[in-house]
Amino acid sequence: MEIRIGHSPDPDDAFMFHAMTTGAFATPGLSYVHQLQDIETLNHRAMAGDLEVSAVSIHAFPEISDDYALMNCGASMGEGYGPMIVAKRGITEDDAMAGPIAVPGLKTSAYLGLRMAWGEVEVAVVPFDEIIPRILADEFTSGLIIHEGQLTYGDFDLEVLLDLGIWWSELTGGLPMPLGGNVVRRDLGTELMKQITLDTKRSIEYALKSPAKALEFAKQWGRGIDDSTNERFVGMYVNQRTIDYGEDGRRSVRMFLAEGQKIGLIDADFAVDEIEFIGLGD
């Protein structure tokens, strides 16, 4: 049976799925193929129930929770770092708030975090890899950056106005910021959902134990980053917490969505305390 895995064209996702999509270990009866698209596109594909497995934004999860379950592995969590609002030198927070802010999608966790931190602001949706170039071209005063832009913005002489990972950590007393998670479609049935989750966990563990090939594979989607930056970025978002959210990670997911409910961006009827994490305890 072919299982399609949707993930972002960025190094950390490619790193974690490398082993299972290249046959590095046996997956009897299952063949995994990956489909790479930006996270906002994947959010909307999940809303249509398209892919069997997908990376999605935690922000988007409540809208797809009837059709998909969160895996207990594959999380992207910001441990005191996260999406950033960046701008050219000399731009203030007030300047940024006055004009449209380029954001990578309205269902991204980055956008939800921005709205929690800064409230109602004018935004424009821009593909994530175009945000920095369009700030440099003066199309936007500021932008909300994700992926490897969190490490490369300084190469373009941009400054950080707000690091949402730091903001969330201070708000919550040190919890990691939930950004992305892996989901598996419920209509596959409980046993197959658990097997796919186990294979995903094995793939992450395989890459962490034997990283050289996975890092080389992942670098293809780093948009020109060097080996050192590639390894550093992967290490930020693929680590022990990617194998298991941990109790505090799961608590942070629930708190993040509950805070989203307070500002009206998450359905008030969504039961945050009843979120199931497939593979927990396995």
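List every residue pair whose Cβ atoms sit under 6 Å apart, with the two residues 6 or more apart in sequence or on different chains, where the first one lies in the range 202-218 and is closer than 20 Å to D244 by Cβ and assigned by TED's automatic domain parsing to the domain that holds S8 and the second, anywhere, is among the polar types (S, T, N, Q) and crowded, with 24+ Cβ neighbours inside 10 Å.
Every condition considered, the pairs that remain are I204/T242.
Looking at the range 111-160, which of its residues are among the hydrophobic types (A, V, I, L, M, F, W, C), closer than 21 Å to F233 by Cβ and assigned to a strand (DSSP E or B)?
Matches in the range 111-160: L144, I145, L158, V160.
Would you be able to say whether some residue in the range 194-211 is at pLDDT 95 or above, of a type in the set (A, V, I, L, M, F, W, C) and more than 17 Å from A26 (Cβ to Cβ)?
No, the range 194-211 contains no residue that is at pLDDT 95 or above, of a type in the set (A, V, I, L, M, F, W, C) and more than 17 Å from A26 (Cβ to Cβ).
Residues E63, E79, E40: which one is at pLDDT below 95, over 12 Å from the mean Cα position of the chain (by Cα) and closer than 30 Å to E274 by Cα?
Working: E63 fails: at pLDDT below 95; E40 fails: over 12 Å from the mean Cα position of the chain (by Cα).
Step by step, each of E63, E79, E40 is checked, and only E79 is at pLDDT below 95, over 12 Å from the mean Cα position of the chain (by Cα) and closer than 30 Å to E274 by Cα.
List pairs: first residue in the range 20-45 and surrounded by fewer than 18 Cβ atoms within 10 Å (Cβ to Cβ), second residue among the basic types (K, R) anywhere in the structure, Cβ distance under 7 angstrom, at least six positions apart or on different chains.
F25/R202; V33/R4; Q35/R4
Can you run down the residue pairs with Cβ atoms below 8 Å, 6 or more apart or on separate chains, where the first is in the range 252-266 and more than 11 Å from S109 (Cα to Cα) and the partner is at pLDDT below 95?
S252/M77
For the subset of the range 1-19 comprising residues that are assigned to a loop (DSSP other than H, G, I, E, B) and of a type outside the set (G, A, S), which member is surrounded by the most Cβ atoms within 10 Å (Cβ to Cβ)? Reasoning before the result, please.
Let us first name the residues in the range 1-19 that are assigned to a loop (DSSP other than H, G, I, E, B), namely 1, 8-10.
Filter again for of a type outside the set (G, A, S), leaving 1, 9-10.
On the way: M1: 10, P9: 18, D10: 27.
Only one residue tops the list, namely D10.
May I ask you to list the residues in the range 239-257 that are of a type in the set (A, V, I, L, M) and either touching a Ser or Thr at 6+ places or on another chain (Cβ under 8 Å) or at positive phi (or both)?
First, the residues of the range 239-257 that are of a type in the set (A, V, I, L, M): 243, 253, 255, 257.
M255 - this is the single residue of the range 239-257 that is of a type in the set (A, V, I, L, M) and either touching a Ser or Thr at 6+ places or on another chain (Cβ under 8 Å) or at positive phi (or both).
Inspect the range 258-274 for any residue being in a helix (DSSP H, G or I) and on the phi > 0 side of the Ramachandran plot and give the result as yes or no. Break it down stepwise before answering.
Quick first cut of the range 258-274, residues in a helix (DSSP H, G or I) only: 258-262, 272-274.
Pick out the ones that are also on the phi > 0 side of the Ramachandran plot and you get none.
Scanning the range 258-274 turns up no residue that is in a helix (DSSP H, G or I) and on the phi > 0 side of the Ramachandran plot.
The values are calculated or read from the model by the stated rules, or taken from the named source; none is laboratory data. No experiment lies behind these values; they were computed from the predicted model shown. Cβ: placed from backbone, ideal geometry, glycine included. Neighbour counts: every protein chain shown.
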